[in-house]
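Structure first, commentary second.
The values are calculated or read from the model by the stated rules, or taken from the named source; none is laboratory data. Remember, it's a predicted structure, so these values are computed and weren't measured experimentally. Glycine gets a Cβ as well: all are built from the backbone with ideal geometry, and neighbour counts include every protein chain shown. Ligands, DNA and RNA are excluded from the accessible area calculation, which covers all protein heavy atoms including side chains. Shrake-Rupley method; radii C 1.70, N 1.55, O 1.52, S 1.80 Å.
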Amino acid sequence: MKVGGVENPVFEPPIPGLSSQRQAAPSAAGPDVLSAEEGPCGWGRFVPKALQLCNNAEGYLAAYSLLAVFQDTCQIPGTSSANFTCSTSTRSSLSSYLYVFILGQLLLGIGGTPLYTLGTAFIDDSVPKNKSSIYIGIGYAMSLMGPAIGYTLGGQLLNIYIDIQIPESAKMDRDDPRWLGAWWIAFLACFFAMWLLVIPFSCFPKHLPGTAKIQAEKISETHNDGSEALVETKNIGKSFRDFPMTLLILLKNPVLMSLIIASASEALVATGFATFLPKFIENQFGKTPSFSATLGGLVLIPAAALGQIISGILVSKYKMDCKCVIKFTIGTCSVALLLNTMFLFAKCGNEPFAGVSETYNGTGTLHNLTAPCNANCKCLRAMYYPVCGRDEVQYFSPCFAGCASQLFNLEKTYHNCSCIGKPKVEIVSEDFLYEAVAGKCPPKCGLLPLFLATFFFAVVFTFMAVTPTTVAILRCVPDKQRTFALGVQSVFLRLLGTIPGPILFGAAIDNSCTLWDINECHTTGACWVYDNESMAYQLMGISAACKLITIIFVVIAVCLYKPPPASAALSEKNSGMVSTVHT
């Protein structure tokens, strides 16, 4: 029976004597209505023949991917700060710009969410069920190209000063701790690129050609808790007034909520590492910020994309049903948990740092930068400019190293340093005509290749759970609630994952700080030195805890999931075939 709105008879519960009604007048989302909405590709009456080549699932996937690429390029690592002088009058006016960034992120979330809810459901509608996972996997993998571009481009932009030209009053190079990268350039580029991509994306019809036939052949796998019959009987979801009831139905679906909580837990880890992986590489292995950002992107993004594509192919190849898809997710998360133990082995200790981990050859005390050898130098802790002594110990600045003279040659060297001892290797050569050289001491830890290799596979198996989880969410809810289910997932991902993820990881990294910046106003600023082992252990603890939460809730989902009765599925398939033949 046709009741106002759009319905799909393929997903209606079997009701005796209804088959004849379907033949005479299929419900509103039946193949006849869907066929009528399978329009050409274009804008209104302007439908160029060339565009019809893109009027298919592949063309839509290409447009979807390109828009996702530039939308997810906010993932650009950068650094910024503000120099100021002590003042008791008013706070810096720069603090008000925080609200501009908050507004920008708010608008980005509003504009970006529909792509992964409506867009993903549109892909699932337009392709056969056994191929849906491949298309979704490819789409999600391509969306990761945005952060890849962000990491790579952001790493290069960090080599450009934030104001393009370095002020005459601030003579510094890229190795100077005061250096600020031009992070804002990429945002302008993405702004123009996204507006250009919206134009071709808007040319697609409401349904792609062939959608009606594909929908008629699908069999519902909705969790058998009576929600599908309720949705169809009361025609829920046709107006905004149905919002509370629709939300309640989804929140009462234990399989859906378990999968959403599991995906939020994974998102927490993913966003945490996406934000702070460059910071981890920089401090653990002594690399520059730009190189760490580029290296992190080259490892994290390809691994994530590969994981999503592989899982999509496997789900499609073996034609996994909803329950098998959830079990597959348990396996991938378990392997990722085992690989998470890499932090126990692929970590580096700290290089000796005078006043932090070393006591000025026994003349000073730990956690005190001042010692008898530099007590008369009146050094400022606000001026962080590390130097490496010939004794292979790092000093906060030439002043704290007790250096009385400096020489500008190919590299800046310092001499007559009262705090620096003799070189550990007694070799008389030109290399030791100086007592200290500008910059941090080169790390002796060679575990970076091991860390990157292990981390690569950990990311692969982590993201192998993303596509199956999305597929399971689409299958375990009533057909008309799939988009809403993805929207609910998106909200939970942000509330429980992408928002607290960087905050929690940032707090863990700050907790491992051993030397904070203290400016002239005696205000604590950025961290200069971290305890590498503490950082590695804390990040491993957070990651392992989230993996365990993921596994627990996915196990709950697979235990609670009840597929529709086999007789009902067969009846739905037969009724769908009857409706297709009739049209």
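Annotations
- For Gly297, the stated conditions do not hold, so it cannot be described as without any contact (Cβ under 8 Å) to a residue 12 or more places away in the chain and either open to solvent by 20 Å² or more (accessible area, probe 1.4 Å) or within 21 Å of the chain's Cα centre (by Cα) (or both).
- Looking across region 408-434, the residues that are in contact with a Phe, Trp or Tyr (Cβ under 7 Å, 6 or more places away or on another chain) and modelled with pLDDT of 85 or more come down to Thr413, Tyr414, His415, Cys419.
- The set of residues in region 128-177 being of a type in the set (A, V, I, L, M, F, W, C), modelled with pLDDT under 75 and farther than 30 Å from Cys388 by Cβ consists of Ala148, Ile149, Leu153, Ile164.
- Search result, residues across region 525-552 that are in contact (Cβ under 8 Å) with a residue 40 or more places away in the chain and not in a helix (DSSP H, G or I): Gly525, Ala526, Trp528, Val529, Tyr530, Asp531
- Among residues of region 285-294, those that are open to solvent by 20 Å² or more (accessible area, probe 1.4 Å), among the hydroxyl-bearing types (Ser, Thr, Tyr) and assigned to a helix (DSSP H, G or I), counted: 2
- Filtered by the rule that a residue be out of contact with any strand residue (DSSP E or B) (no Cβ under 6 Å at 6 or more places or on another chain), of a type outside the set (D, E, K, R) and open to solvent by 50 Å² or more (accessible area, probe 1.4 Å), region 525-537 gives a lone residue, Tyr537.
- For region 205-240, the tally of residues that are part of a loop (DSSP other than H, G, I, E, B) and out of contact with any Cys (no Cβ under 6 Å at 6 or more places or on another chain) stands at 19.
- Single residue of Leu106, Leu115 found to be within 30 Å of Lys213 (Cβ to Cβ), modelled with pLDDT of 70 or more and of a type in the set (A, V, I, L, M): Leu115
- For region 300-333, a tally of residues being over 19 Å from the mean Cα position of the chain (by Cα), closer than 30 Å to Ile149 by Cα and open to solvent by 30 Å² or more (accessible area, probe 1.4 Å) returns 2.
- Condition check for Ile219: open to solvent by 30 Å² or more (accessible area, probe 1.4 Å), at pLDDT 90 or above and not charged (D, E, K, R): no
- Region 124-143: number of residues that are open to solvent by less than 10 Å² (accessible area, probe 1.4 Å), closer than 19 Å to Ile219 by Cβ and assigned to a helix (DSSP H, G or I): 3
- Qualifying residue in region 253-270 (condition: assigned to a helix (DSSP H, G or I), open to solvent by less than 10 Å² (accessible area, probe 1.4 Å), in contact with an Asp or Glu (Cβ under 7 Å, 6 or more places away or on another chain) and in contact (Cβ under 8 Å) with a residue 60 or more places away in the chain): no
- Filtered residue count, region 357-402, keeping only those that are out of contact with any strand residue (DSSP E or B) (no Cβ under 6 Å at 6 or more places or on another chain), open to solvent by 60 Å² or more (accessible area, probe 1.4 Å) and touching a residue at least 60 places away in the same chain (Cβ under 8 Å): 4
- Checked against (1) surrounded by fewer than 17 Cβ atoms within 10 Å (Cβ to Cβ); (2) in contact (Cβ under 8 Å) with a residue 60 or more places away in the chain, His522 meets all criteria but (2).
- Residue that is modelled with the highest pLDDT [pool: residues in region 180-193 that are open to solvent by less than 30 Å² (accessible area, probe 1.4 Å) and in a loop (DSSP other than H, G, I, E, B)]: Ala182
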